[in-house]
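First up is the structure itself, then whatever we jot down about it.
The values are calculated or read from the model by the stated rules, or taken from the named source; none is laboratory data. Every value quoted in this text rests on a predicted model; they were computed, and no experiment measured them. FYI the Cβ positions are ideal-geometry reconstructions off the backbone, even for glycines, and counts take in every protein chain you see. The area values use the complete protein model at the heavy-atom level, side chains included, leaving out ligands, DNA and RNA. Shrake-Rupley method; radii C 1.70, N 1.55, O 1.52, S 1.80 Å.
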Amino acid sequence: MLLTEDATLPLRAPDPAFRRDIVEGLSREPKATPPIWFYDRRGSELFEAITDLPEYYPTRTETALLEKHGHDFAAMVGSGRAVVEFGAGSARKTPHLLRAIDPEAYVPIDISGEFLHASSSDLASAFPGLPVLPVVGDFNRDLSLPAAVDGLPRLGFFPGSTIGNLEPEAAVDLLRAMHRLLGDGSMLLIGMDRIKDRERLIAAYDDAAGVTAAFNLNLITRINRELEGDMPIDGFAHRAVWNDEKARIEMHLEAVRPLHFHVAGQCFRMAAGETIHTESSHKYGTRDERLLLRAGGWEPLREWTDADGLFSLILAAA
């Protein structure tokens, strides 16, 4: 039996998809890894800490929109739907929606199983009459919903502007996959981050306290732990860059010196200044939002935004 470093708890075999994505990503030129692998338990905890930072406006702005417009959601969505949340995480925003629309069931989907089950237990306690049916999985791949929601009309909930982490083509593919999973007659409430001034965007992804840097660097810790890596954490620095041509913030891990390391039995080298592109966060204008949704098979019905136009919540129909 494999053991953890303290030799007290069993160490699970590495996820084959994690191994494949990391090895393939480090073998590319330029190097890039999918952002879904940030979210082991520690990564999920760090992301929740990011959402409370003063520089990170999306969470508090979107939460305020959910609190303010509950009556609007109820009028347009109606009661009795199964709410299916993609990338539920801690589900901190979800109670505002659940209280507003009186759903028949709640299905949170997340790749971090331990974190998902903890948050699902908390939600089940807060809503004792509501069936909470967690699904552990990657919503970018094929999934099945629990049989308990068969026949129920569905509302997809995709907050946090997570759609922005995908390239536009992949975002359209995901929206189409959500359409297939939720079915005809379903609705989708989705958060999208707006284009705004560069300084505000950079600050949101490179905070003064260094929490986002720790979140980015935690990927190296996970690779070393789960894929027998020896990547030197002190050999990398967090970088946040605004790519104006592609209207996105990019997060990178930059080699601060020439590096030679191993992951999953393979050898890799990086020159000083070379980076691993770990995440993109695309920002959208009003027209772009609607074009993206329509390309994915969703017709926008109504949009809510804050007074400063920082963030949008959009309700769309399949």
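Numbers at a glance
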{"read-out": "Solvent accessible area, Å² - Val172, 1.4 Å probe, full protein context", "value": "20"}
{"read-out": "Estimated inter-spin distance, Asp52 and Asp122, nm [label 7 Å along Cα→Cβ]", "value": "1.0"}
{"read-out": "Cα gyration tensor category, rounded, prolate or oblate, for the stretch 1-138 with a/c compared to 1.5", "value": "prolate"}
{"read-out": "222 nm mean residue ellipticity, helices alone, for the chain (DSSP H n ≥ 4; -39,500 (n - 2.57); rounded to 500)", "value": "-11000 deg cm²/dmol"}
{"read-out": "DSSP beta bridges in the chain [antiparallel fraction, %, rounded to 5]", "value": "65"}
{"read-out": "Net charge of neighbours whose Cβ lies under 14 Å from the Cβ of Asp52, counting Lys and Arg as +1 and Asp and Glu as -1", "value": "-2"}
{"read-out": "Segment Ala75-Arg20, length gained on full extension (0.36 nm per residue, minus Cα span)", "value": "15.3 nm"}
{"read-out": "Phi-based couplings in Hz for the stretch 49-66 (Karplus 6.51, -1.76, 1.60; Gly and Pro marked x)", "value": "5, 4, 5, 9, 6, x, 6, 8, 6, x, 5, 5, 5, 5, 4, 4, 5, 5"}
{"read-out": "Local net charge near Arg28, Cβ-Cβ under 12 Å (Lys/Arg +1, Asp/Glu -1)", "value": "-3"}
{"read-out": "C-alpha long axis of helix 168-182 to longest principal axis of the chain, angle in °", "value": "50"}
{"read-out": "Pairwise centroid distance, computed over Cα atoms, of the stretch 149-216 with the stretch 125-143, Å", "value": "17"}
{"read-out": "Apportionment of accessible area to carbon and sulfur, the stretch 27-81, percent (1.4 Å)", "value": "56"}
{"read-out": "Percent accessible area from carbon and sulfur atoms, the stretch 229-318, protein chains only, probe 1.4 Å", "value": "48"}
{"read-out": "Relative contact order computed over the chain (Cα-Cα under 8 Å; 6+ residues apart), in percent", "value": "19"}
{"read-out": "Where Ile249, Ile233 fall by accessible area, highest first, once all protein chains stay in place (1.4 Å)", "value": "Ile233, Ile249"}
{"read-out": "For the stretch 160-239: rounded, prolate or oblate by the Cα gyration tensor [a/c cutoff 1.5]", "value": "oblate"}
{"read-out": "Equivalent ellipsoid semi-axes - Cα gyration tensor, the chain, angstrom", "value": "33, 24, 18"}
{"read-out": "Gyration tensor verdict on the stretch 197-318 (Cα atoms; rounded if a/c is under 1.5, prolate if a/b is larger than b/c, oblate otherwise)", "value": "prolate"}
{"read-out": "Residues of the stretch 48-101: accessible area per residue with a 1.4 Å probe, Å²", "value": "37"}
{"read-out": "Mean separation of Cα contacts under 8 Å, 6 or more apart, over the residue count of the stretch 1-125: relative contact order %", "value": "19"}
{"read-out": "Accessible area per residue in Å² at 1.4 Å probe, computed on the stretch 258-312", "value": "45"}
